[in-house]
Each structure stands twice: as C-alpha cells, then as structure tokens.
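The values are calculated or read from the model by the stated rules, or taken from the named source; none is laboratory data. All figures in this text were calculated on a predicted structure; none of them were measured in a lab. Here the Cβ positions follow ideal geometry from the backbone for every residue, glycine too, while neighbour counts run over all protein chains shown. Protein only, heavy atoms only, side chains kept; ligands, DNA and RNA dropped before computing areas. Shrake-Rupley method; radii C 1.70, N 1.55, O 1.52, S 1.80 Å.
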Amino acid sequence: MADQVVLPEGQDSFKLNEVCKLANVQPYMLRFWGTEFEQLEAAKSGTGQRLYSRDQVELILEIRRLLFDEGLTIAGARKRIGAHHAVVRPAPAPESVAEAAPEAPGPVAEPEPEPEPQLPRISRRAAVVDRPAAADIQPLLATLKDVRAEVARIVADLKRP
C-alpha cells in the first residue's frame, strides 16, 4: 500500500465498513484478522455492529502493509507487531481482603500437571496468505491425481462383465 492513509481528525471509533474502505480490504478479512490478532477484538455497538478504535485502525493498516506489501504470513505479521502492540489485560481484583491475604504455611501440594498444548487452528484463509505452503502442496496434488486416475481404472474394471 504505497499511499499513506490519513484517518479523519476527531473520529475515535470506526465502523467495519469505514475501516474496510480505509484499508482497502474486504469485511471477511477484518473479521478473520480479528480471530488471528487479539488486539483487533472489536467492540460492538448497541446494534451489534463492530466498532474499531483509532489505535486498532492504525494496527489494521500496519497488518495490511505487512501482509500485502512485504508478503509476510499471518504468523510473520503477528511476530513483527507482537512486541509493539502487546495487549495488556488487568489482573482480576480479589473479591475480599481475606482472599488477597497470603495463606498460612501448610502442607505443600503437588503441582498440577500442565495441560496438553493446543494445536494451532488452521483455516483455509490462512493457507491463502501462506505462500510457501502452496509450493509444498503441488507434489501432493500430483500424487492425488495419480491415485484418482488409478481408482477410476479399478472402478471401470469392476464394472466390466
């Protein structure tokens, strides 16, 4: 995106369609990016429409530049912006002073085993952005075509009287 986008002065929140026009992307892309970048979790208006803050729109423009102009994958863009746009969530406040006070020393409990790591979610849209994966798929597609042709020959032989 060679042109520098200038956000309207005095506007602090932007609707989904406004952001799409500013960033020159389709709405489904913004919704997908919202699942891949937790910083882009949009607020909802009273009517349920997504609203993006000024900072989020600037981040969307940066993500678009990284993906389209620099050719990074979603993972690459996430790494690049991760250090600059970390999400800070406040710690939950204790419900009472008694809960906040440290416990008296007692028997030491065994630590609970760590849960199994979750596999990353893979979507069809991510494969479109991940250009190197497309080159790895070509040999598999050729093999699948050969298998399909062989299955068709076997079926034809079985149908013969």
Item checked: Residues of the stretch 25-42 satisfying the condition of being open to solvent by 60 Å² or more (accessible area, probe 1.4 Å) and outside any helix (DSSP H, G or I) -> Q26, E41
Notebook entry, point to check: Which residues, counting only those in the stretch 16-58, are closer than 14 Å to I74 by Cβ and not aromatic (F, W, Y)?
Noted result: V25, M29, L30, R31, G34, T35, E36, E38, Q39, L40
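Taking the condition of being of a type in the set (S, T, N, Q) and either open to solvent by 70 Å² or more (accessible area, probe 1.4 Å) or in a helix (DSSP H, G or I) (or both), how many residues in the stretch 12-24 meet it?
Residues of the stretch 12-24 of a type in the set (S, T, N, Q): 13, 17, 24.
Restricting the remaining residues to those that are either open to solvent by 70 Å² or more (accessible area, probe 1.4 Å) or in a helix (DSSP H, G or I) (or both) gives 17, 24.
Looking only at that region, the number is 2.
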